[in-house]
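Worksheet: one structure, shown below.
The values are calculated or read from the model by the stated rules, or taken from the named source; none is laboratory data. All of these numbers come straight from a predicted model, not from anything done at the bench. Here the Cβ positions follow ideal geometry from the backbone for every residue, glycine too, while neighbour counts run over all protein chains shown.
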Amino acid sequence: MKTIIEPFKIKSVEPIKFTTKEEREKILVEAGYNPFMIKSEDIIIDLLTDSGTSAMSALQWAGIMQGDESYAGSKSFFRFEKVVKEITGKKFIIPTHQGRAAEKILFSILGGPGKYFPNNTHFDTTRANIEFTGAVAEDFLTELGKHPEIPGDFKGNMDVEALEKFIIEKGAENIPLVMITVTNNSGGGQPVSMQNIKDVRAVCDKYGIPLFLDACRFAENAYFIKLREKGYGDKSVKEIAQEMFSYADGATMSAKKDALVNIGGFLAMNDEQLAMNARNILIVTEGFPTYGGLAGRDLEAIAQGLEEVLDENYLRYRIKSTEYLGNKIREAGIPILEPPGGHAIYIDAKRFAPHIPPHQYPGQSIVCELYLEGGVRSVEIGSVMFGKYDKATGKLISPPMELVRLAIPRRVYTQSHIDYLAEVIIEVYKKRDSLKGYKIVYEAPMLRHFTAKFEPIEG
Ligand code: F0G
């Protein structure tokens, strides 16, 4: 088979500023060893997130000029609504400024004390928006999804038996909806199978509970279904996506992922009363229902991006280029969460640096070293991000996994960037025994990973 090439030509470029290792050492100290605190111009390859970092196409930029900025009834809204309806099949489409705004609206209507929301794995903002209302967010990831070293086709699946048990225990009347996150970001960008979506739907039907999708990466998930699930190989990705949405009563979406734009989101649903309530909150918090916190030009770019993301040449390149990075570093012996996900590769820090205990943040150590070695920015997803202190003993309680996420922005980096990246990671792996543990010297009371300051533990 021939090399899978980037399915685009580059018309507009953004220069990368190169730094030396000596400069990066200084920058890292000034940032308190926290890459969130580094200026983006001091980064060579930025893999902090795939969210809002896509490169837009010529047609999306043309759409920016076409944007109708009327306060009400904008032409751009109707184009956006048509495209979203076509893919999701939902009756009511509500634009929001990003995914969490859609979550905020949905859960402030349906949440509250005594309510429970099951998900395969809640993303942080989804969980936070649920908990903010006093409700409980509960994860039901299939057992296979909890083992980073074991490969599997659909490690994002929901544990349907555990879900049903939970519904019986808590009472269907206390569960306003069940949500499935496609792909499962917090679980390694792993897809959910169509069969699993259908099975969850059947349980929801049995107890009369609506099903919603957290659809941020729906196109990547649909492409995995095409590649891996029996009976879908000959269907178009668009048909597969439509089928996925057909089992759901609604969806929240961060357009910053699979709509290939830098800002935007939406809420989609069939329930008219819920849509009316949502629009009322939208008007107070986001904007009039035909722009919802966005400019007309953003709605044009989203509509265009949603059409482009379903192009199978694009998706083949997208999924294969992520896998390419995974394969390259795995061949060098580097432990990764298997198999490679849709939008990111996750390094298993526990196996990469087994000499650093979780309370000395092995993931953070790798993140710092990747920056020093090659100006690469990644993010720790482990004890820094999710660690909690035991109230009685003050001891750190670590999450089950210590990971470093390398999230790949869409259509931004070429194969030589990825080759460089692999070289940097392999170089760090070669000197893994010399990696130091870190301690936190400052932390905020909430979401500490964004602003924490660290120091290496000497000796
Ligand atoms: N749901 C999932 C699965 C996400 O990955 C994100 C964002 C959101 C909801 C919230 O969307 O940022 O538009 O408000 N994930 C980004 C990330 C931030 O880096 O994974 P948003």
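Within the group 264, 208, 293, 250, which residue is of a type in the set (Gly, Ala, Ser) and modelled with pLDDT under 95? Explain how you work it out, then say what you get.
Working: 264 fails: modelled with pLDDT under 95; 208 fails: modelled with pLDDT under 95; 250 fails: modelled with pLDDT under 95.
The match here is 293.
Which one of these is within 15 Å of the ligand (Cβ to nearest atom) and among the basic types (Lys, Arg): 104, 75? Matching residue, one of 104, 75: 104. Restricted to strands (runs of 3 or more DSSP E) entirely inside the range 384-459, those with at least 2 residues that are under 30 Å from residue 12 (Cβ atoms) and not aromatic (Phe, Trp, Tyr) are 403-407.
Sub-6 Å Cβ pairs linking a first residue in the range 76-97 that is in the same structural domain as residue 261 (by TED's automatic domain parsing) and farther than 14 Å from residue 290 by Cβ to a second residue that is polar (S, T, N, Q) and outside any helix (DSSP H, G or I), at least 6 apart or interchain, are 90/270; 91/270, ordered by first then second residue.
Return the residue satisfying two criteria in turn: it lies in the range 107-127 and is within 23 Å of residue 162 (Cβ to Cβ) and small (Gly, Ala, Ser), and of such residues it is nearest to the ligand (Cβ to nearest atom). The residue in question is 111. Scanning the range 304-325 finds one or more residues that are crowded, with 21+ Cβ neighbours inside 10 Å, over 20 Å from the mean Cα position of the chain (by Cα) and assigned by TED's automatic domain parsing to the domain that holds residue 73.
The set of residues in the range 296-310 that are within 16 Å of the ligand (Cβ to nearest atom) and either in contact with a Ser or Thr (Cβ under 8 Å, 6 or more places away or on another chain) or within 21 Å of residue 75 (Cα to Cα) (or both) comprises 298, 299, 301, 302, 305, 306. What about residue 156, is it of a type in the set (Gly, Ala, Ser), under 22 Å from residue 385 (Cβ atoms), within 19 Å of the chain's Cα centre (by Cα) and away from the ligand (no atom under 12 Å from the Cβ)? It is false that residue 156 is of a type in the set (Gly, Ala, Ser), under 22 Å from residue 385 (Cβ atoms), within 19 Å of the chain's Cα centre (by Cα) and away from the ligand (no atom under 12 Å from the Cβ).
Of all residues in the range 128-140, those that are under 20 Å from residue 172 (Cα atoms) and within 13 Å of the ligand (Cβ to nearest atom) total 3.
Remark: residue 59 matches the filter, which requires a residue to be surrounded by fewer than 18 Cβ atoms within 10 Å (Cβ to Cβ), in a helix (DSSP H, G or I), away from the ligand (no atom under 16 Å from the Cβ) and not basic (Lys, Arg). Of the residues making up the range 159-189, those that are away from the ligand (no atom under 16 Å from the Cβ), touching a residue at least 40 places away in the same chain (Cβ under 8 Å) and assigned to a loop (DSSP other than H, G, I, E, B) are 175, 176.
When the range 373-403 is examined, which residues are found to be among the aliphatic types (A, V, I, L, M) and either surrounded by fewer than 16 Cβ atoms within 10 Å (Cβ to Cβ) or without any contact (Cβ under 8 Å) to a residue 60 or more places away in the chain (or both)? Across the range 373-403, the qualifying residues are 392, 396, 397. Residue 457 falls short on exactly one of the conditions (1) touching a Gly at 6+ places or on another chain (Cβ under 6 Å); (2) surrounded by 20 or more Cβ atoms within 10 Å (Cβ to Cβ), and that condition is (2). Counting only strands (runs of 3 or more DSSP E) wholly contained in the range 64-139, the ones carrying 1 or more residues that are at pLDDT 95 or above and over 25 Å from residue 184 (Cβ atoms) occupy 92-96. The set of residues in the range 253-292 that are assigned to a loop (DSSP other than H, G, I, E, B) and away from the ligand (no atom under 11 Å from the Cβ) comprises 260, 270, 271, 286, 287, 288, 289, 290, 291, 292.
Checked against (1) touching a strand residue (DSSP E or B) at 6+ places or on another chain (Cβ under 6 Å); (2) free of Cβ contacts under 8 Å to residues at least 40 places away in the same chain, residue 458 passes all but a single condition, namely (1).
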